[in-house]
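K.L.:
Following this message is one structure expressed as structure tokens.
The values are calculated or read from the model by the stated rules, or taken from the named source; none is laboratory data. No experiment lies behind these values; they were computed from the predicted model shown. Cβ coordinates were reconstructed from backbone atoms using ideal geometry, including for glycine residues, and neighbour counts include every protein chain displayed. Remember, those area values only see protein heavy atoms, side chains included, never the ligands or the DNA or RNA. Shrake-Rupley method; radii C 1.70, N 1.55, O 1.52, S 1.80 Å.
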Amino acid sequence: MSILSKTLELRTPSRIVYRALKDTRLEVLFPEFFIGVERKVITDIINKEISFNTITEGKQIEIMETFKFKISSNNGTVVEYITETTSIEENDIILESIVQTHVANILYSLLMLETGYINGVLEKKERKK
């Protein structure tokens, strides 16, 4: 088992981060990208913590992801992202790189969520002027 933990501070309210992580529209709109992948919610504490268990077909890769939210200054959120992987053979560089790419994509998505939120807030302020 391999454990990876990252902490990210976003200028986005925890309720928005939580809702974004629970959103399944991509899976519905583009099911071809999720063939052979089963994702289940394990823990669901609204706006505080959410955990997912993702398993690929044949259980080649199993990822347990936990997102913990803490409110920070100015309505922001500190996101602690913990990834535990099992079923990965040690020294299997290909499978490890797949998991690391997955983690990088999740972190990038959270940063893009923050960018969209900040741009929306700024645009709303401009319209009020």
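K.L.:
Any residue that is touching a residue at least 40 places away in the same chain (Cβ under 8 Å) and under 15 Å from the mean Cα position of the chain (by Cα) - is there at least one of those in segment 32-49?
P.N.:
Our first condition is that a residue be touching a residue at least 40 places away in the same chain (Cβ under 8 Å); within segment 32-49, this holds for none.
No, segment 32-49 contains no residue that is touching a residue at least 40 places away in the same chain (Cβ under 8 Å) and under 15 Å from the mean Cα position of the chain (by Cα).
K.L.:
Scan segment 17-29 for residues that are in contact (Cβ under 8 Å) with a residue 60 or more places away in the chain and touching a strand residue (DSSP E or B) at 6+ places or on another chain (Cβ under 8 Å) and jot them down. Talk me through it step by step, then tell me what you get.
P.N.:
First pass over segment 17-29, keeping only residues in contact (Cβ under 8 Å) with a residue 60 or more places away in the chain: 17, 20.
The one that is in contact (Cβ under 8 Å) with a residue 60 or more places away in the chain and touching a strand residue (DSSP E or B) at 6+ places or on another chain (Cβ under 8 Å): V17.
K.L.:
Then there's this: Criterion first (in contact with a Ser or Thr (Cβ under 8 Å, 6 or more places away or on another chain) and β-branched (V, I, T)) does T43 satisfy it? If you could, list the steps in order and put the result at the bottom.
P.N.:
Values: in contact with a Ser or Thr (Cβ under 8 Å, 6 or more places away or on another chain): yes; β-branched (V, I, T): yes.
When the stated conditions are applied, T43 passes them.
K.L.:
Shifting gears a bit: For segment 56-69, give me each residue that is over 13 Å from the mean Cα position of the chain (by Cα) and in contact (Cβ under 8 Å) with a residue 24 or more places away in the chain.
P.N.:
Within segment 56-69, the first condition is being over 13 Å from the mean Cα position of the chain (by Cα), and the residues that meet it are 56-62.
Passing the criteria: K59, Q60, I61, E62.
K.L.:
Given (1) part of a helix (DSSP H, G or I); (2) more than 16 Å from T7 (Cα to Cα); (3) hydroxyl-bearing (S, T, Y), where does T43 come up short, assuming only one miss?
P.N.:
(1)
K.L.:
Anything in segment 49-80 that is of a type in the set (S, T, N, Q) and surrounded by 15 or more Cβ atoms within 10 Å (Cβ to Cβ)? List them, or say none.
P.N.:
Pass one, segment 49-80, residues of a type in the set (S, T, N, Q): 51, 53-54, 56, 60, 66, 72-75, 77.
S51, N53, T54, T56, T66, T77, listed by residue number.
K.L.:
Shifting gears a bit: Is it the case that E123 is touching a Gly at 6+ places or on another chain (Cβ under 8 Å) and open to solvent by 100 Å² or more (accessible area, probe 1.4 Å)? Spell out how you get there, then give the answer.
P.N.:
Details: touching a Gly at 6+ places or on another chain (Cβ under 8 Å): no; open to solvent by 100 Å² or more (accessible area, probe 1.4 Å): yes.
No; evaluated as a whole, the condition is false for this residue.
K.L.:
Oh, and also: Can you find, within segment 81-120, the residue that is nearest to I50 (Cα to Cα) among those that are touching a Lys or Arg at 6+ places or on another chain (Cβ under 8 Å) and open to solvent by 50 Å² or more (accessible area, probe 1.4 Å)?
P.N.:
Y117
K.L.:
Looking only at segment 73-90, decide whether some residue is part of a strand (DSSP E or B), among the charged types (D, E, K, R) and out of contact with any helix residue (DSSP H, G or I) (no Cβ under 8 Å at 6 or more places or on another chain).
P.N.:
From segment 73-90, those part of a strand (DSSP E or B) are 77-86; that's our starting set.
The next check asks that each one be among the charged types (D, E, K, R); those that pass are 80, 84.
Filter again for out of contact with any helix residue (DSSP H, G or I) (no Cβ under 8 Å at 6 or more places or on another chain), leaving 80, 84.
So far as segment 73-90 goes, yes, one or more of its residues are part of a strand (DSSP E or B), among the charged types (D, E, K, R) and out of contact with any helix residue (DSSP H, G or I) (no Cβ under 8 Å at 6 or more places or on another chain).
K.L.:
May I pose another question? Just checking, how many residues over segment 11-44 are more than 22 Å from L111 (Cβ to Cβ) and β-branched (V, I, T)?
P.N.:
Residues meeting the conditions: 6.
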